[in-house]
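Accompanying notes for the structure given below.
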Amino acid sequence: MGELLKKVYLNTVHKFPLIALIALLLTVVAVGSQISKLKFDASSDSLVIEGDKALALYRDVGKRYGAEDFLIVTYTPKGDLFNKMSLDSLQHIESELTALPQVSSVNSIVNVPLLYSPKVTLSNLQEDINYLKDPAVDRGLAKAEFANSPIYKGLLLSEDGKTTVLQVNLKRRIELNQLRESGEALRAKEREGTINPQEAKKLLSVTEQYASASAAAKAEDKQLIENVRSILDKHRSTAQVFLGGVTMIANDMLTFIQQDLSVFGTAIFLFIVLVLGLVFRQLRWVMLPMLACVSCVILTTGFMAMLGWQLTVISANFVALLLILTLSVTVHLVVRYREYEAERRDMTHKERVLATVSSMFRPCLFTTLTTIVAFTSLVFSGIRPVIDFGWMMTLGVIIALLTTFIVLPAGMLLWDKKGAKETDRAAANTPPITQRLAQIVEKFGSLIVGVAVALLGLSLIGVANLKVENRFIDYFDEKTEIYQGMELIDAKLGGVIPLDIILRKTLDDNELEDDFADSDSDFNEEDDFAGMDGVDTKSSYWFTQAGVEDINQLHGFIDGLDETGKTLSLSTMYQVAEDIIGRDLDAIQLSILQNNVSGEMEDALVAPYLESEGAETRLTVRVKETSNTLNRKQLLAKIDNYIQTEMGYDPKDYDLTGLLVLYNNMLQSLFKSQIQTLGAVFIAIMLMFLVLFRSIKISLIAILPNALAAGLVLGCMGLFGIPLDMMTITIAAITIGIGVDNSIHYIYRFKQELANDGNYLATMHRSHTSIGRAMFYTSATIIIGFAILVLSNFTPSIYFGVLTSFAMMSALLGNLLLLPKLLMIFKPFK
């Protein structure tokens, strides 16, 4: 410890331990009072790339076409779906859902217009529309229509006719959207450096208003889901009912986050208490480390709430990480103090505390810095929740160092033991398992190096097979409603994940006249058009024969893909019109149709698929998320290629958007960001090793075991087909960040011990018995602590726990087997 830091420490914590401890506890209480303001976010916006232009397009398309968020309710009665009891029950559900304040409308088989029951004519398209809820409707015809209609087939009724769906449309949050748009526009100016002082002030105000409105919206969504489930619960005795939709998934994911945060945070806390009790067998060595751990968690969480950071699925396990990282520092201090207590009987209690702090501060400082480097490297991911997670953990690691070096020394000074108990000294001198590992290094060192080389080769093979494609449904346990609902909708009701295809094309007057000239329609004699208005020469391109052919061609191609479910577009309306008149539509009939479809039919068949100016059309596609063959990148590339090569469209004349595109963009960025993250981590840690050890050789030796551990975890993911996702992307950085801590502690102690006799082999044995003990205790706690996450209902948390445990085990063995052998081979210390 530098003289300045030593002087500061002596004049504060060492001289006034009680005051230092009280000041810390008062700070913990004050900051902890802000925890209730902590916010959670599991919305689709939290799963996209920072600054992704596709997100702006997605929002713009939704705004222009009046798209609403919606919930999906699947309904499978125990009896016949079309008998009176089932339809009454279904209509009752619809009425109750419609009455909810957040719901704008509900679409179901009982209230959508019927066009084939019996078949209507174009002339009475707005007048004689029937509905299944009408007493006079022929239910047999209606059932046939839902099974075969180009509009409803595979959308509202399953192929077996046993399951239907209710689409619960939610009211648009206009004020919230306006605040978000205003904030994004001002932030764009801020990034460009063109924002003025008034706009900067407005940005702060808008940001605060948006945060408040967003929190209120999440609370409304939670209440909505509870109300919907309460309504559905009344009907579960007579039907199988599932709730789905993006809003519901986001709500349930928040529940999973909160459960993991509380349940597994508590479980790991209790486990740490148990481990400390079994290892150290003294109350003070349980109480003081846990006080440091709890103080760190409360302070970090409170500061996060004050800074407005939101917890997401990625940062859900930050409490477990903070507990374990803080424990690591405290255990190293405790083990070092116990060594002084057992070996230096000539020291006073205060001298032992000061010696412990003096000897451990430098390595602990550098281990903290390397861990910070690992977590801050996550900002290269470009994914907002991953970036936030990196900053959260950086803050937490800094707080962990500060709280530990206040709580442990101050607590030791106040909890003054008059000499060590014999049992305490015996425990300190008991040959640990690390001595056995030292013997393995001595006897089988060459074999260890050979195995390491083989594992490196295997890891490279696994990394080459690493993938990012995954099924979102696999994030959830098969027993959850999310999983069961998504599986049912994908299998029977048209698919889950939305994809929008936007085509743009304008038509000049000459092209329109040519189109009419080619028409052979005599609409005055066509009964189906009797009484309808005449031709409007300002027709949209999408109501010409060329436009019809384009849409029909693309619609047919999309329908033929294995990964897609239900597709809707203007082609659906064309087919209905052709069914009604009994033949293909020509140019005049298309123009008449465009100008006479209005009201409810326009809302259902035109408005969702035709932009108001008529130059742009939209195809909505449902993609089967549960498909084992789904590869989002390949699917989008296939559609791109078809539109350009087969249909002749320029890339500027069409767009692909929707949640499928946003999620795919995020996944594809993961591999690139993983490489960037690891590269940044290795470079930064190598530079820190050079500062700490002042030797390139030692720096390379120190980083090799941890690079192997990171390679092993990524390689295993590739070999076992575990894809990279938002949570597993953080594991390699965590492995290196925590793993190099052990390397620093071991090499630092090894260098000190080597100065005693210059014997590398004897130094290795002494280091394993001393610092190796602390490394083993902390790593074992991490390994078993994270393994507790296998009990989660959220699959990413399970993967995170298992892979982190495996990575920490690899890092521990690398630092206690490979690292000492490399030190003995290359003898880097003079």
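So what's the angle, to the nearest 10 degrees on a 0 to 90 scale, between helix 384-414 and the longest Cα principal axis of the chain?
30 degrees
For helix 771-787, report the angle its Cα long axis makes with the longest principal axis of the Cα atoms of the chain; keep it between 0 and 90° and round to the nearest 10°.
Value to nearest ten degrees: 20.
Provide Y131, Y649 ordered by accessible surface of protein heavy atoms (probe 1.4 Å), highest first.
Working: Y131 40, Y649 15 Å².
Most to least solvent-accessible, the answer reads Y131, Y649.
If you average the alpha carbon positions of segment 268-308 and of segment 763-821, how far apart do those two centres end up, in angstrom?
About 19 Å separates the Cα centre of segment 268-308 from the one of segment 763-821.
Can you give me the accessible area per residue for segment 164-206, using a 1.4 Å probe, in Å²? Write down the numbers at each step before the final one.
Numbers: 2740 Å² over 43 residues.
I get 64 Å² per residue for this part.
What does the accessible area of Y483 come to, in Å² to the nearest 10, when a probe of 1.4 Å is used?
Counting only protein heavy atoms, Y483 exposes about 20 Å² to solvent.
Using 0.36 nm times the number of residues separating R504 and R187, minus their current alpha carbon distance, what extension gain do you get?
111.1 nm
Dipole size in debye (nearest 20) for segment 669-761 around its Cα centre, Lys and Arg Cβ +1, Asp and Glu Cβ -1?
Values: 5 positive and 4 negative charges, 45 e Å.
In total the dipole reaches around 220 debye.
Might you work out the accessible area of K63 for me, using a 1.4 Å probe with all protein chains in place, and round it to the nearest 10 Å²?
So the heavy atoms of K63 present about 120 Å² to solvent.
At most 11 other Cβ atoms within 10 Å plus a DSSP loop assignment makes a site exposed; report the longest stretch of the chain without any exposed GluC sites (Glu not before Pro). Can you show the working numbers first?
On the way: sites that count: E127, E478, E613.
Longest site-free region, per DSSP loop and neighbour criteria: 128-477.
Which pairs, out of K189/K633; K63/K624; K37/K624; K37/K633; K189/K652, put more than 30 Å between their alpha-carbon atoms? Working shown, then result.
Working: K189/K633 33 Å; K63/K624 25 Å; K37/K624 38 Å; K37/K633 39 Å; K189/K652 26 Å.
K189/K633; K37/K624; K37/K633, as the Cα separations exceed 30 Å there.
Taking a virtual spin label 7 Å from the Cα of Q91 along the C-beta vector, which residues in segment 136-167 bring their backbone nitrogen under 14 Å of it?
Counting only backbone N, you get 136-139.
Loop-only check: which trypsin sites (Lys or Arg not before Pro) in segment 672-743 are DSSP coil with at most 16 other Cβ within 10 angstrom? Show your work: numbers first, answer last.
Working: sites: K672, R694, K697; in loops: R694.
The qualifying sites are R694.
I'd like to know which of I581, V357, G648 lies farthest towards the positive end of the charge dipole of the chain, counting +1 on Cβ of Lys and Arg and -1 on Cβ of Asp and Glu.
Sorting the options by dipole projection puts first V357.
Find which of L724, L568, F242 sits farthest along the positive direction of the dipole of the chain, computed with +1 on the beta-carbon of Lys and Arg, -1 on that of Asp and Glu, about the Cα centre.
L724
Rounding to the nearest 20 debye, state how big the charge dipole of the chain is about its Cα centre with +1 on each Lys and Arg Cβ and -1 on each Asp and Glu Cβ. Could you put the intermediate results ahead of the total?
Working: 73 positive and 90 negative charges, 1751 e Å.
The calculation lands at about 8400 debye.
Whole number in Å², please: accessible area per residue of segment 733-830, 1.4 Å probe, ligands, DNA and RNA not counted.
On the way: 2990 Å² over 98 residues.
Per-residue accessible area for segment 733-830 comes out at 31 Å².
To the nearest 10 square angstrom, what accessible area does T769 show with a 1.4 Å probe?
40 Å²
Which is farthest toward the positive dipole end of the chain among G658, S117, V335, measuring Cα position about the Cα centre, with Cβ charges +1 (Lys, Arg) and -1 (Asp, Glu)?
Looking along the dipole axis, the top candidate is V335.
Going Cα to Cα from K143, which lysines come in below 21 Å? Please leave out same-chain ones fewer than 8 positions away.
Straight-line reach from K143, under 21 Å: K78, K84, K119, K133, K153, K162, K492, K566.
The values are calculated or read from the model by the stated rules, or taken from the named source; none is laboratory data. In this text the structure is predicted, and so the values were computed from the model without any measurement. Glycine gets a Cβ as well: all are built from the backbone with ideal geometry, and neighbour counts include every protein chain shown. What goes into the accessible areas is simple: the full protein's heavy atoms, side chains included, and nothing from ligands, DNA or RNA. Shrake-Rupley method; radii C 1.70, N 1.55, O 1.52, S 1.80 Å.
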